[in-house]
Amino acid sequence: MALEAQREVERKYDVSADTQLPDLLELPDISFVDSQEPVSLEAIYFDTPDQVLRRNRITLRRRTGGADAGWHVKFPSGESRIEIRAVLDTGDDIEMPEEIRDIVSVFVRGQKFERTATLKTSRTFHYLHSDEEVLAEVCDDVVTSVTASGQVKRWREWEVELENSSSLDGLAAVQLLDDVEEKLIVAGAERSLRASKVGFALGPLPETAERPIGKKGSLRAVLTLAFHSAASGLTYWDPLVRRGEPDALHQLRVSVRTLRGLLKVGRKMLDEDRARSLSDQLKVTGQALGAARDAEVQLEILDERVDLWDHDTVSEQAIARMRNRLASEQEEALAAALEHLRSPEYFATLDAVDAFLADVPLSSQYDDAARARGPLRAAVDRQVRRIKEHVEAASALDEGEEWVELLHEARKEAKTLRYMIRHLEAVPGSDLGGHRKALRVRATGLQDGLGEHRDSLGFQAFVRSVALEAAAANEDTFSYGVLFAAEAPVQDRALRRVRQGLKSL
C-alpha cells in the first residue's frame with residue numbers, strides 16, 4: 001500500500017458557539033469564497049498505553065467521512081506538520097495498515113495500540129479562491145470528543161489551512177494567513193494554544209519523573225544535553241527512511257555514527273562498560289545501513305561522472321551495465337536495511353539509547369559537581385592528535401592497502417571530531433574555547449578531502465568488478481579502462497585538500 005505525504009500549514013482559533021464567521025470575500029486577492037454544506041467526520045485516535053506518540057507530538061487516527069477519509073499520521077515539522085495518509089480499511093473490523101504501524105515504529109517499538117479518543121466533527125468548508133486557484137480553506141468545526149475513559153467535551157473552533165497546490169510563495173502565504181487571522185480576531189476568535197484537537201480532548205499529559213541533569217557547565221549536564229541532541233536524529237530520520245525520502249538513509253547513518261563518536265571521544269568521562277556496550281549495539285545498526293548507503297554513493301558518483309565523460313570513449317552499454325548493477329545492489333541493500341529497522345534487535349538498541357540518555361553514566365572519577373571545561377577540551381585535543389597520527393603514518397607509507405586504511409581511519413576520526421564539536425558547542429557551559437570550536441569547520445574540509453579520495457577508490461574498485469562481468473559477457477571493456485584511469489586526478493585533487501586541511505588543524 002502506497003503512503004501519501006503532504007505538508008500541512010494551518011492555524012487554529014477558539015470561538016464561541018454563536019460567533020459569526022466574517023465576510024471572507026473582503027480579504028485582499030480573494031475573488032470568490034466557495035462555502036460548502038456541513039460534512040460529518042469521525043476520527044478514532046490511537047496511541048500506546050504510555051502515550052509515546054503524543055509525547056512526541058505525533059497523532060495517529062482513522063477518519064471516516066469527507067474527501068480525505070483514511071488513516072492519517074501527523075509529524076511535527078517546524079511551524080507546520082507532515083501528514084502521512086493511507087487508504088481506509090474495508091470490512092467490519094478496524095485493521096491498522098502495516099505501513100502505518102511501520103512509519104511510527106521507531107517510537108512504538110512493538111507496543112500495542114489502544115484507542116484513546118473518538119472525535120465527531122461537523123465541518124463546514126469555506127474555500128478561498130483567487131482568480132486562478134484555491135489558496136486556502138477555512139473550516140468551521142463543531143467538535144464532540146469522547147475519551148476511552150468516557151470523558152466528554154464539546155467545543156467549536158476555526159481552522160485556516162493553506163492549499164498545498166497553490167502557487168503562493170512563503171511570504172505571500174504568511175501574509176494570507178495574517179490577513180485571515182485579522183478578520184477572524186475582529187469577529188471574536190482567539191488564536192488557539194492547543195496543538196491538536198485530540199490533545200485538548202485528552203487533557204494534559206501525566207508528568208514523568210526525570211533525573212536532574214545538574215548545573216549549567218557541569219560535565220553531567222553538558223554530556224546529557226549533547227547526547228540528547230545527537231540521539232534526536234534517530235527518531236527524526238527513521239520515519240523518513242521508511243518513507244523513502246531522499247538523503248534520509250544517509251542522515252540516519254550519520255546520527256548513528258555521531259552517537260558512537262560521542263561515546264568514543266567521551267570514553268574517559270563515561271562508564272566504560274556501558275559506553276562500550278551501547279556503542280557495540282549502535283555499530284550493528286550502522287553496518288546494516290552501510291551497504292545501502294555505499295550503493296547510494298556509487299550511484300551519485302556515476303550520475304556525476306556521466307556528464308563529464310567523453311561518450312566517444314565511454315559507451316552507453318558500459319554506463320547502462322554499471323547503472324543496472326548499482327540499482328540492483330541498492331535495492332537489495334535497502335531491503336536488508338529496512339529489515340533491520342523492523343527487528344527486535346534494533347528496537348532493543350533504541351531502548352538502550354533511551355536508558356543511557358535517562359541517566360548518562362559518568363566515570364567514577366567524576367561526580368555531579370565536576371566541571372565540563374577541562375575534560376571536554378582534553379577530549380577535543382586527543383581527537384585532533386588521533387587524526388594527525390593517522391595521516392602522518394599514511395604519509396610514511398607507499399600507496400597500498402595499509403595506506404588506504406590509515407586514510408580511512410583519519411576520515412572517521414575527522415568526522416567524529418566534527419560531529420562532537422557540533423553537538424557540544426551548542427550546549428550552554430561547554431566552554432570549548434574559540435580555537436576548538438573553529439576545528440569543526442576545519443575538520444569538515446579534511447573530512448571531505450578524505451571522503452572524496454575514498455569514494456574515488458571505491459568507484460575504481462566497482463568499475464573493475466563490472467569490467468570483469470562485461471568481459472565474461474564478451475563485451476568490449478575499453479570504456480572501463482578509461483573510467484578507471486579518469487579517477488587518478490580526482491584522487492590527486494582530494495589528497496591536496498587533505499594536506500591543506502591537516503595544516504589547518
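Summary of computed values
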read-out	value
Subset tally (residues that are of a type in the set (Val, Ile, Thr) and either under 18 Å from residue 60 (Cβ atoms) or in the same structural domain as residue 351 (by TED's automatic domain parsing) (or both)) for the stretch 111-142	3
Residue 172 being within 30 Å of residue 117 (Cα to Cα), free of Cβ contacts under 8 Å to residues at least 24 places away in the same chain and small (Gly, Ala, Ser)	no
The stretch 426-442: number of residues that are touching a residue at least 12 places away in the same chain (Cβ under 8 Å) and either among the β-branched types (Val, Ile, Thr) or closer than 18 Å to residue 255 by Cβ (or both)	3
Search result, residues across the stretch 64-88 that are more than 20 Å from residue 243 (Cβ to Cβ) and either in the same structural domain as residue 236 (by TED's automatic domain parsing) or surrounded by 14 or more Cβ atoms within 10 Å (Cβ to Cβ) (or both)	65, 66, 69
Condition check for residue 46: surrounded by fewer than 14 Cβ atoms within 10 Å (Cβ to Cβ) and among the aromatic types (Phe, Trp, Tyr)	no
Condition check for residue 272: closer than 21 Å to residue 372 by Cβ, not hydroxyl-bearing (Ser, Thr, Tyr) and not assigned by TED's automatic domain parsing to the domain that holds residue 354	no
Qualifying position, being farther than 22 Å from residue 298 by Cβ and of a type in the set (A, V, I, L, M, F, W, C), among 488, 470, 443	443
Single unsatisfied condition, residue 68 versus (1) without any contact (Cβ under 8 Å) to a residue 60 or more places away in the chain; (2) touching a Pro at 6+ places or on another chain (Cβ under 9 Å)	(2)
Test result for residue 404, within 25 Å of residue 250 (Cα to Cα), surrounded by 13 or more Cβ atoms within 10 Å (Cβ to Cβ) and touching a Phe, Trp or Tyr at 6+ places or on another chain (Cβ under 7 Å)	no
Qualifying residue in the stretch 139-149 (condition: over 26 Å from residue 248 (Cβ atoms), surrounded by 18 or more Cβ atoms within 10 Å (Cβ to Cβ) and of a type in the set (D, E, K, R))	yes
Residues located in the stretch 191-202, provided they are touching a residue at least 40 places away in the same chain (Cβ under 8 Å) and exposed (fewer than 14 other Cβ atoms within 10 Å of the Cβ)	191, 194
Check on residue 482, in the same structural domain as residue 302 (by TED's automatic domain parsing), assigned to a helix (DSSP H, G or I), modelled with pLDDT of 90 or more and in contact with a helix residue (DSSP H, G or I) (Cβ under 7 Å, 6 or more places away or on another chain)	no
Subset of the stretch 241-267 that is touching a helix residue (DSSP H, G or I) at 6+ places or on another chain (Cβ under 8 Å) and without any contact (Cβ under 8 Å) to a residue 12 or more places away in the chain - its residue that is surrounded by the fewest Cβ atoms within 10 Å (Cβ to Cβ)	267
Which numbered condition residue 123 fails, given (1) touching a Gly at 6+ places or on another chain (Cβ under 8 Å); (2) without any contact (Cβ under 8 Å) to a residue 24 or more places away in the chain	(2)
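The values are calculated or read from the model by the stated rules, or taken from the named source; none is laboratory data. Please read these numbers as outputs of a predicted model, since none were measured by experiment. When we count neighbours, we look across all protein chains shown, and the Cβ atoms used for this are built from the backbone with ideal geometry, even at glycine.
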